[in-house]
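First up is the structure itself, then whatever we jot down about it.
Read the figures in this text as sums done on the coordinates, not as results from a lab. What you are looking at is a predicted structure, and each value in this text was computed from that prediction instead of being measured. Please note: Cβ atoms are built from the backbone with ideal geometry, for glycine as well, and neighbour counts cover all protein chains shown.
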Amino acid sequence: MAKILVIDEIRDLQDYYQDILKEARLESIYLTKFDSVLFTLSADSFAAVIIDPVRRIPSLKARYHLDIEEGMKLIKAIKIKYPDIPVIVNSALDTLSEYFDEYQAFPDRYVLKSFDESELISNLIDCLCLETLPVEEIAYSPKRKAKIFISYAKEDFPKAYAIYEILRQKEFSPWIDSENLLPGQDWQLEIDKALEKCNFFVACLSNISVSKEGYVQKELKKGLDILDKKPEGSIYLIPVRLDNCKTPKRMESLQWCNLLDDSGGIEKLLKAIEFGCRERGLIR
């Protein structure tokens, strides 16, 4: 079944795209942010991309102002690096086509002038080369029982967020501070609670995070301390290498998940979590 990557900065549009998912009977619609797109495309396989290239930036003079430059550059980058993936431009901005030549963005023929659900679904059927979209039941997954804590350095946020979105769309329950902490909460207390409750600790490691002093090192230490209490051989702490960083000494005995290239690192991460879930009886 097809997986669709949706690129939009507005989280409130999640329900809009989920409704399309139900109507189109697609396997998954992944919603991600501009900064995480290229990493997400390299880490997983997608049949098509839907993008609103208009970035809404908060403004003092108005509620927000529109920035289209980054979106057009992103379309161009996607088409150059992933020429075989169809790109559907879905935006409410009527003058969108005027920008394509200016920024040398090369979209496919699927350019919508406004949010039109029927046209979007029709374009999905077309670009996926389907006569009709298959009908299947969307059932609740017991995998949501698996709580996954994601640790990262703030400089690696785009990649960590992409991992969060992939795990969430795979129907696990990932925890990342930017999405799960609420205004007014004691952030350190909530992080400690999430660490204690999690079934898996995904350590996003890079040259920055392994050498950086501060809270990320405290999180890693807590994760390793919890690992020491787990039964020998059980999967709990999963090191994810984001770049060519050195292996911390306490993690030398653990098998790493490499996301440096297109070597299927995300699939290996998912297999490790699913294997650990079966060990714990979270899924069968």
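Distance between the pseudo-spin-label points of Leu189 and Arg144 (7 Å out from Cα toward the beta carbon): 2.7 nm.
Based on the Cβ-Cβ distance of Glu252 and Asp126, what FRET efficiency does E = 1/(1 + (r/R0)^6) give at R0 = 45 Å, to the nearest 0.05? The partial results should precede the final answer.
Details: r = 51 Å, r/R0 = 1.12.
It comes to 0.35.
The simple spin-label model puts a point 7 Å past each Cα toward its Cβ; for Lys197 and Asp35 those points are separated by 2.6 nm.
Identify the GluC sites (Glu not before Pro) of segment 234-284 meeting these criteria: DSSP loop state and at most 12 other C-beta atoms within 10 Å of the C-beta. Each step should come with its number before you reach the end.
Details: sites: Glu252, Glu267, Glu274, Glu279; in loops: Glu252.
Sites meeting the loop and neighbour criteria: Glu252.
Working from label points 7 Å from Cα in the Cα-to-Cβ sense, the Asn244 to Gln104 distance is 2.9 nm. Cross-linked pairs Lys3/Lys170; Lys143/Lys197; Lys197/Lys229; Lys221/Lys268; Lys3/Lys154; Lys154/Lys212: Cα-Cα separations exceed 18 Å for Lys221/Lys268; Lys3/Lys154.
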